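Only the coordinates and a few stated rules stand behind these numbers; no lab work does. Predicted, not measured: the structure shown is a model, and the values here were computed from it. Neighbour counts are summed over all protein chains in view; Cβ atoms, including those assigned to glycine, are modelled from backbone coordinates with ideal geometry.
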């Protein structure tokens, strides 16, 4: 095992984040207790969800890199043991998700929804199979069977009791990006955009190929701002060459990433040091990397993950103070018959608000369903344009018939078009959601304000209104309300666009197999490129219907979740109001306390909420 200081450096700052998280959870629990004393039971599930999310939150660390860069070795060095198989040849494309567990385990999830637990040995033989010689026919048959099974594997879930995983980090090991396997789609369009940080593994023996530059540009365009560059095999370089490699990487990476974080490391020596096999390997580059990674995970990402519960906690306090607390204070001293009369006077307004809710939800569902038709038409047009770009890219190619160079050429031509199209789609989808949701939110705002006014009139107190929603909101504030609702439905705008494209792996995987079968050796160049052209055109266009269907399904899901969010938000406030009014009546019937005692209790509760608000505000700084 590595020295204790190494693990302490890696987890110390994460521990600081956990301390802050614990404090925020404690404040949310105090809000829950205050809400319970005010008989606002509908608030409890929302606070429970926030605390549960905080307690179970994990940091997603996605590792990328071309094969032969030692990516698996780097991950093993980070974990402190050989969890992933390592091979000189590229391992077959299996995306692996490594999380904390009491003991090591390996579970394969298949595309048909099934799963199977296997041993570490079985996993190693599956993802890094030894390719037999051409004369070994039985061995070749077994090898082909392994490859067929791998094509059905969606991902591998691995649990391991590593300190960094136990501290709440989930590591995603992606396939080699120049292996040209269709799993590259998952790398580029699913896992990388969801990353809290990316580990980009490079090789000191062959620093920064053009394909690595292209991949980095796509990562940056996916709004991943935290990329750690690990230059592996640094121990194989002389001091002078190590500095040259570092300077070269720093110079070229700085043109793409601001202030790139570059670490010269030796994964194999770090792993040997961790296992006690190489006591002479004192400097491997991993101590600095682990310390910086822990700092990012704790300080930068921790602030982001705490921001939402802090903001919601402040909102809960404001609602309780301006609503239930104010109404409870206003009801003090009112005789029961008069209180019942006043409550009955606002019942019709609540019923009218329910009818407005149903109308607004129906309006939102219809409007967004209609906008889907516009988006689908624009999507079909754009996808057709990408297909034409792919075909033209083949026509423009004048280089040698080499897999690497053809793939790089296609990537450079198609990637900018795909990226621009994705941005356009995301903008259109975001605008459609925000526009239609804002219209409905404003309708509900008017209805809420009408009920607030009625409650003020009935209770005849300047502070007795219920803050079911903000009384008055500016255009900017209203947009924030809409963005909060759209962003809080658990799907996210970006999630729609991330699956819109069929990546270069669809075509480049075929190109690679064509080149390696020696097909070009016996055919004319134009005929060969013509074959590629037809294949690319067919593969791109035949994927358009499936892509559109996938979008429509996700759009329908988002529409339903938005409608459910609007409806549940109303229901929560309505239930809070009705429960509180019922409890106020019940309190009047059973209470033997004087009005002064009740007023003192309300004032104490008000001070408690003020103190919670101050602490939440301090945590935001």
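General observations
- Remark: the range 309-416 is approximated by an ellipsoid whose semi-axes, taken from the C-alpha gyration tensor as √(5λ), come to 65, 22, 6 Å, largest first.
- Packing around the peptides 201-208, 70-77, 382-389, taken as the average count of other Cβ atoms within 10 Å per residue, puts them in this order, highest first: 70-77, 201-208, 382-389.
- Distance between the modelled labels on residue 352 and residue 109, one decimal in nanometres: 5.0 nm (7 Å Cα→Cβ projection).
- Of the two radii for the range 531-596, the radius of gyration is 1.63 times the Kirkwood radius, both from the alpha carbons; that is the Rg over Rh value.
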